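Readers should treat all values here as calculations from the given coordinates under stated rules, not as data from a laboratory. This one's a predicted model, so the numbers in the text were calculated from it and none came from an experiment. Cβ placement follows ideal geometry from the backbone for every residue including glycine, while neighbour counts extend to all protein chains displayed.
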Amino acid sequence: MDLRRLRAGEYVVALGGAVLLVSLFLGWYEGATGWEAFTVTDVLLGLFALAALALLPITATQRVPAIPLALDALIAIAGKLAALLILIRIVFPPGEAEGIQGGAWLGFLGAALIIAGGWIAMRDERLSGKDRATDLTGRPAAESPVIESMPAP
């Protein structure tokens with residue numbers, strides 16, 4: 001596990017996942033938490049939050065950037081679905097539910113953080129500067145040897 005592989009986007013995604021997961025335990029409607037108010041939506045939001053939290057250890061343990069980048073894209077899509085589900089439940093509360101509470105807005109904030117973090121992580125290409133060589137993971141790499149050019153025979 002190499003924590004140097006983690007980028008700012010992964011930290012934002014994990015923060016959004018934690019906020020979304022915590023929001024499900026708070027009141028979304030008067031007298032009902034996120035887990036109590038929904039039947040399927042709460043399970044989906046919980047899975048999206050856990051997937052966002054899982055991005056940190058997955059990125060830190062992978063040797064190549066392909067898997068974390070693919071997960072960044074998938075989790076950004078999951079964040080969009082979570083934000084859409086939450087927005088629908090804010091506009092159209094389920095059943096007899098009344099009075100939107102802070103948990104719903106906190107859940108929407110968590111979904112927005114997942115989207116933003118996924119976007120930031122996908123855009124971070126870890127390009128090295130002129131004086132700094134890096135490998136594919138963004139860690140400092142040894143300088144490449146100088147190749148001497150020879151005249152053609």
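For the stretch 85-98, take each phi angle, set θ = phi - 60°, evaluate the Karplus expression 6.51 cos²θ - 1.76 cosθ + 1.60, and give the result in whole Hz per residue in order, putting x for glycine and proline.
Result, rounded to whole Hz: 4, 5, 4, 4, 6, 6, 6, 10, x, x, x, 8, 5, 9.
Using Cβ contacts closer than 10 Å as the measure, can you line up D72, D42, D124 from fewest to most? Walk me through the numbers before you get to the answer.
Details: D72 25, D42 19, D124 16.
Sorted ascending by nearby Cβ count, the order is D124, D42, D72.
Between the alpha-carbon centers of the stretch 59-79 and the stretch 25-54, tell me the distance in whole angstrom.
Between the Cα centres of the stretch 59-79 and the stretch 25-54 lies a distance of 23 Å.
List the residues whose amide H sits under 5 Å from the amide H of Y29, counting only those 5 or more places along or on another chain, with H placed 1.01 Å from N in the peptide plane.
Sorted by chain and number, the residues that satisfy this are Q101.
Could you work out the mean projected area of the convex hull around the alpha carbons of the stretch 3-123, in square nanometres to one decimal? Before the final figure, lay out each step's value.
Values: hull surface 26.6 nm².
Average projection, Cα convex hull of the stretch 3-123: 6.6 nm².
I'd like the Karplus ³J(HN,Hα) series for the stretch 27-40: coefficients 6.51, -1.76, 1.60, θ = phi - 60°, whole numbers in Hz, and an x wherever there's a Gly or Pro.
Values per residue, Gly and Pro as x: x, 9, 10, 4, x, 9, 7, x, 6, 7, 7, 10, 10, 10 Hz.
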